[in-house]
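First the structure, in the form of structure tokens, and then the observations on it.
The values are calculated or read from the model by the stated rules, or taken from the named source; none is laboratory data. These numbers were taken from a predicted model, which means no experiment stands behind them. Here the Cβ is made from the backbone with ideal geometry for all residues, glycine too, and neighbour counts use every protein chain on show. The protein model used for the area step is the full one, side chains on, heavy atoms only, and it has no ligands, DNA or RNA in it. Shrake-Rupley method; radii C 1.70, N 1.55, O 1.52, S 1.80 Å.
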Amino acid sequence: MGNTQLLIIDPQNDFCDIPGAALPVTGANADMQRTAQLVRRLGGKLDAIHVTLDSHNPMDIAHPGWWKNAAGESPAPFTLVSVADVDGGVWQARDPKQQAASLAYVKALAERGRYQLIIWPEHCLIGSWGHGVHAELFAALGDWARAELKLVNYVSKGTNPLTEHYSAIQAEVPSADDDATQVNAALVGHLAQADTILVAGEALSHCVASTVRDLADQLGADNVAKLVLLTDCTSPVTGFEAQGQRFIEEMLARGMRVATSRDIAI
């Protein structure tokens, strides 16, 4: 049977399409219900469960309050911020002391070429209801821990306000003076022991895509086939459906497998 581990990426209230969510992903509530059902059905065969938690403060480079225009207004959620915008003063860091670092960040993003800075609504604020795990899934995880006498491995990401942290493996632009933004060797080490890594979570187009790509890079080409994306346990951000589909096609070409939570057997 081998070692099977479940990686659940950001299954948090703020990403679920439920009342009160700050950044709801259409379909996420049902995704998390199916993930909970999978934990209950296959829990005895899971050697480990890892849950990543997007974890932010109000002041964050991808939140509106970080930036202002000449009139002192913050950008609306889902505004794209380019190097030219920051270099030309269209958007400036509200704190002048952060202007140089903010410009350096958008330049580094452009050089990497994976994402452009997008302003999100404040979400997953540490200590808030939105930061918490979807209730039905949280109950299933607790029951699994009690039944199997194991700990759910909760992994925080996103606390550094000067870099985005879509991927649970490393920040979009790692900081040399913040280990939390660099490769999470402990998480990679745990997952490397698995023969099968089931992947669920939100959102397909962003945090799931970034995490799986980075994890595949860390595991190496010969081990990408360990990854099994549970396609009915993840959904893209509205408007980014094509981005999510490109990710799936890219990773299938690299050797990742796909399955549904109902069909998977271990």
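The residues of region 75-97 that are of a type in the set (D, E, K, R) and touching a Lys or Arg at 6+ places or on another chain (Cβ under 9 Å), listed by number, are Asp87, Arg94. Restricting to region 146-190, give me the number of residues that are touching a residue at least 60 places away in the same chain (Cβ under 8 Å) and open to solvent by 20 Å² or more (accessible area, probe 1.4 Å). Of the residues in region 146-190, 12 are touching a residue at least 60 places away in the same chain (Cβ under 8 Å) and open to solvent by 20 Å² or more (accessible area, probe 1.4 Å). For beta carbons closer than 8 Å, sequence separation of 6+ or different chains, a first residue in region 72-89 that is farther than 7 Å from Ile119 by Cα and part of a loop (DSSP other than H, G, I, E, B) and a second that is open to solvent by 40 Å² or more (accessible area, probe 1.4 Å) and of a type outside the set (Asp, Glu), the qualifying pairs are Ser74/Lys68; Ser74/Arg94; Ser82/Ala110; Ser82/Gln116; Gly89/Ala70. Considering each of Arg112, Arg94 in turn, give the residue that is within 19 Å of the chain's Cα centre (by Cα) and basic (Lys, Arg). Just one listed residue meets the conditions, Arg112. Consider region 221-257 and keep the residues that are open to solvent by 70 Å² or more (accessible area, probe 1.4 Å) and aliphatic (A, V, I, L, M). The one that is farthest from Ala200 (Cα to Cα) is Ala221. Given the structure, is Gln218 touching a residue at least 12 places away in the same chain (Cβ under 8 Å), open to solvent by 20 Å² or more (accessible area, probe 1.4 Å), closer than 30 Å to Leu80 by Cα and over 15 Å from the mean Cα position of the chain (by Cα)? Spelling it out, Gln218 is indeed touching a residue at least 12 places away in the same chain (Cβ under 8 Å), open to solvent by 20 Å² or more (accessible area, probe 1.4 Å), closer than 30 Å to Leu80 by Cα and over 15 Å from the mean Cα position of the chain (by Cα). Quick check, is Glu136 at pLDDT below 95, part of a helix (DSSP H, G or I) and open to solvent by 70 Å² or more (accessible area, probe 1.4 Å)? Answer is no for this residue.
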